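The values are calculated or read from the model by the stated rules, or taken from the named source; none is laboratory data. Being a predicted model, the structure only gives us computed values, none of them experimental. Using ideal geometry, Cβ is built from the backbone for each residue, glycine included, and neighbour counts are taken over all protein chains shown.
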Amino acid sequence: MTGPPVMVRAGLFRDGDAPVLLASRCTRCGQVLFPRADGCTYCSAEAPEPVELAGPGTLWSWTAVTAPPPGYRGEVPFGVGVVELPEGVRIIGRLTESDPAALTAGQQMELRVVPLHTDDEGNDVVTYAFAPVASS
Ligand SMILES: [Zn+2]
């Protein structure tokens with residue numbers, strides 16, 4: 001018997017009908033920080049305020065990973081890309097699309113929570129990813 005899905009790392013995102021990334025915004029310089037941090041990496045102010053990033057964002061660059069990185073237990077190939085969110089922060093993340101030819105610079109990408117692998121206890125480990133917004 002398996003439990004509920006396990007996040008690949010606690011504190012990165014919140015799952016739900018509309019998943020969000022858990023970030024911080026510096027109260028001095030306004031920079032958005034992801035993952036959350038105790039201090040601003042731009043101006044070193046302390047105690048940035050928590051913010052949630054819902055997307056969608058804009059695809060900047062991307063590639064496909066065809067060989068599993070050390071310790072990675074999921075499937076290959078998988079897509080990785082840089083997505084700029086409306087808050088101005090660029091996030092490197094997994095893409096649901098693994099074929100680079102199927103993606104276009106500047107296209108809109110929405111946040112998803114996707115299965116990554118099954119851990120030793122049989123739990124589904126999930127992570128955040130960006131998926132192309134379906135064109136209407
Ligand atoms: Zn700052």
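What the table below lists for this structure:
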read-out	value
Region 2-13 residues that are within 11 Å of E121 (Cα to Cα), paired with ones that are surrounded by 11 or more Cβ atoms within 10 Å (Cβ to Cβ) and modelled with pLDDT of 85 or more (beta carbon under 6 Å, 6 or more apart)	T2/N123; G3/N123; V6/N123; V6/V125
Wholly enclosed strands (runs of 3 or more DSSP E) of region 50-136 bearing at least 3 residues closer than 23 Å to C26 by Cα and in contact with a strand residue (DSSP E or B) (Cβ under 9 Å, 6 or more places away or on another chain)	78-84, 90-95
Residue among A47, A67, A10 that alone is among the hydrophobic types (A, V, I, L, M, F, W, C) and on the phi > 0 side of the Ramachandran plot	A47
Only listed residue being surrounded by 15 or more Cβ atoms within 10 Å (Cβ to Cβ), among the basic types (K, R) and away from the ligand (no atom under 16 Å from the Cβ), chosen from R25, R94	R94
G74 being within 27 Å of E121 (Cβ to Cβ) and either more than 13 Å from the chain's Cα centre (by Cα) or in contact (Cβ under 8 Å) with a residue 24 or more places away in the chain (or both)	yes
Options A101, A105, A64; residue that is in contact with a helix residue (DSSP H, G or I) (Cβ under 7 Å, 6 or more places away or on another chain) and not aromatic (F, W, Y)	A64
Scan of region 30-67 for residues that are hydroxyl-bearing (S, T, Y) and within 16 Å of the ligand (Cβ to nearest atom), ordered by number	T41, Y42, S44
Residue identified as touching a residue at least 24 places away in the same chain (Cβ under 8 Å), part of a loop (DSSP other than H, G, I, E, B) and more than 17 Å from R112 (Cα to Cα) among R28, R36	R36
Candidate set from region 6-22 (those that are buried (at least 18 other Cβ atoms within 10 Å of the Cβ) and assigned to a strand (DSSP E or B)); member that is nearest to the ligand (Cβ to nearest atom)	L21
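Condition check ((1) touching a residue at least 40 places away in the same chain (Cβ under 8 Å); (2) over 16 Å from V20 (Cα atoms); (3) surrounded by 14 or more Cβ atoms within 10 Å (Cβ to Cβ)) across all residues:
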residue: E84; (1), (2), (3): no, no, yes
residue: G88; (1), (2), (3): yes, no, no
residue: S98; (1), (2), (3): no, yes, yes
residue: M109; (1), (2), (3): yes, no, yes
residue: N123; (1), (2), (3): yes, yes, yes
residue: Y128; (1), (2), (3): yes, no, yes
